[in-house]
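The values are calculated or read from the model by the stated rules, or taken from the named source; none is laboratory data. Everything numeric here is computed off the predicted structure, so don't read it as measured data. Cβ placement follows ideal geometry from the backbone for every residue including glycine, while neighbour counts extend to all protein chains displayed.
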Amino acid sequence: MSRIAARFAKLKAEGRGALIPFLEAWDPDPATSKAILHGMPAAGADLIEIGCPFTDPMADGPTIQLAGRRALKAGASMRNTLAMVREFRAGDDETPIVLMGYLNPILSYGVAPFCADAAAGGVDGLIIVDLPSEEADLVVPHATSNGLDIIRLIAPTTDDARLPLVLNGSSGFVYYVSITGITGTRTASADELAEAIPRIRRVTDLPIAIGFGVRSPEQAAGAVRAADGAVVASALIDTLKNDLDDQGRAGPDTVAKVLDQVRALAEGVRGARVAA
C-alpha cells in the first residue's frame, strides 16, 4: 500500500479528513522552504503538497505565481526540489509527499529518469496540472512502474461523460478543483460542494480532496465535511509573503507564522466532523 493510500485509510478509520498544506519549493529561499516543510507534519499536516516552480504557471493565481518567481530567483530547479524531498525523507518516512507542477519541466528532465528519481527520493504522487487525459500515456506508465500515484484534477466543468476518461489510471486521491479559474481567487459554497462531490463518488472509490480557494480553518472544515481532504495553498503563501522584508527576505518569525497557520487549519479539520 502506498503512503497516500495508507494515510487516507488511517484517517478514515479515525473518522476524520486530511489537511494537505502547500508550499512552493525554495520560496523565498532554500533554508526557509525546508524549515517549513520539515515543520509541517508536527503542525498537523496529513499529506504535503510541494509546488515545483515553473516560469509559466497558467493555473495559478498571482500569489503562487509570485512564489514561483521568488523560488526561481533563489535558484529553484526540479533537481533541487527532488533533493529537498530526499532530505525530508531522512527524518520522516511516513508523511506522503505530492509534487504539483507542470509538464514542461518533467519533459525537460526526461519523463523516465524524473519518475525514477522522484520515487527514489521519496515522492509519493504527482499532480501535473496541464497533462491532458488524452496524453496521459506520456507519464502514467513511467509513474506506475515506479510506484508513483498520478492524481488527477477534476473541475466543475468536467461533465459526467468525461469523468471516467479523466480518472482512468488515476490513483492516490482525486483533486477536486472547486472553482473555475485560477488558484486563490474565490471559495466554493457548501451547496456547490454538496452537488459536485457525490457526482465524483459515483465513478471512483478514491478519496477526494478539495482545493483552489480553501483559505481558512472554517473553509477547510467545510471541505472535509463534504469530501476527504482540504488543500490549502494561497493562504499559506500569503502569510509567508507578508512577512518578507523589502528585499524579499524571510524574517526571524516567518517559518513560525506559517506553521502556526497550519496548526489552526489542522484544528479546523480535526474538529470538523465532531461539530457537524
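Worth a mention:
- Unique residue being crowded, with 17+ Cβ neighbours inside 10 Å, within 21 Å of LEU99 (Cβ to Cβ) and out of contact with any helix residue (DSSP H, G or I) (no Cβ under 8 Å at 6 or more places or on another chain) when the list is GLY211, GLY229: GLY211
- Among residues of the stretch 103-125 being out of contact with any Asp or Glu (no Cβ under 7 Å at 6 or more places or on another chain) and not in a helix (DSSP H, G or I), the one that is nearest to THR158 (Cα to Cα) is VAL123.
- Set MET78, MET100: member being touching a Cys at 6+ places or on another chain (Cβ under 8 Å), surrounded by fewer than 22 Cβ atoms within 10 Å (Cβ to Cβ) and in contact (Cβ under 8 Å) with a residue 12 or more places away in the chain: MET78
- Filtered residue count, the stretch 45-72, keeping only those that are of a type in the set (Gly, Ala, Ser) and farther than 15 Å from ASP27 by Cα: 3
- Tabulated pairs, the stretch 1-13, first among the aliphatic types (A, V, I, L, M), second at pLDDT below 95, C-beta under 9 angstrom, 6+ apart or interchain: ALA9/MET1
- Options ASP149, ASP117, ASP124: the member that is of a type in the set (D, E, K, R), surrounded by 15 or more Cβ atoms within 10 Å (Cβ to Cβ) and more than 15 Å from the chain's Cα centre (by Cα): ASP117
- Counting only helices (runs of 4 or more DSSP H) that fall entirely inside the stretch 1-102 and contain at least 1 residues that are within 22 Å of LEU244 (Cα to Cα), the qualifying elements are 30-43, 62-73, 78-89.
- Any hit, the stretch 26-35, residues being under 16 Å from ASP124 (Cβ atoms) and not charged (D, E, K, R): no
- Note on the stretch 148-194: among residues that are modelled with pLDDT of 90 or more and among the acidic types (Asp, Glu), the one that is nearest to PHE212 (Cα to Cα) is ASP159.
- The stretch 225-236: number of residues that are touching a residue at least 60 places away in the same chain (Cβ under 8 Å), part of a helix (DSSP H, G or I) and within 15 Å of the chain's Cα centre (by Cα): 2
- Failed item, numbered, when CYS115 is tested on (1) under 18 Å from ARG7 (Cβ atoms); (2) touching a His at 6+ places or on another chain (Cβ under 7 Å); (3) not basic (Lys, Arg): (1)
- Looking only at residues of the stretch 50-75 that are farther than 14 Å from LEU23 by Cβ and in contact with a Ser or Thr (Cβ under 8 Å, 6 or more places away or on another chain), we find that the one that is surrounded by the most Cβ atoms within 10 Å (Cβ to Cβ) is GLY61.
- Answer from ALA83, ALA112, ALA118 - the residue that is at pLDDT 95 or above, closer than 20 Å to ASP29 by Cα, among the aliphatic types (A, V, I, L, M) and in contact with a helix residue (DSSP H, G or I) (Cβ under 8 Å, 6 or more places away or on another chain): ALA83
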